[in-house]
Amino acid sequence: MLPIPSSQDDKKLNDRIKKMKDIIAECVKEIKPLEEVYASYASRVDSAAKYISRINKQIKDFKSVRKNQGDGIDSEMTQVLTLFHITIQAYHGGSIHGKDVQN
């Protein structure tokens, strides 16, 4: 058989429950400012990620416009090779003189 709890046991249990509720209330008070700081940082991280994404897109657009304009190093090299009737595939990895430029 289980022992019947006395009123003293109930008082100890109630005191323990009250103590735990007080600890929980203190933790909740400490968490509130931390949640606000976290929300602030999360907002800043989100805006930074959007900014980086926007900048990367601008860089990509700039590179594609520059490549299409013909003033990039790739287009300049292609123009020089075509001037001497050298295909890019024949030049690839080689030098401009000798058998590397032969078609």
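Numbers at a glance
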quantity	calculated
Local electrostatic count at ILE24 - Lys and Arg +1, Asp and Glu -1, tallied over other residues with Cβ under 12 Å	+1
Ordering of 32-44, 73-85 by burial proxy (mean other Cβ atoms within 10 Å per residue, highest first)	73-85, 32-44
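Any read-out appearing in this document is the output of simple, stated calculations on the displayed coordinates, not a laboratory observation. Note that the structure is predicted; figures quoted are calculated from it, not measured. Here the Cβ is made from the backbone with ideal geometry for all residues, glycine too, and neighbour counts use every protein chain on show.
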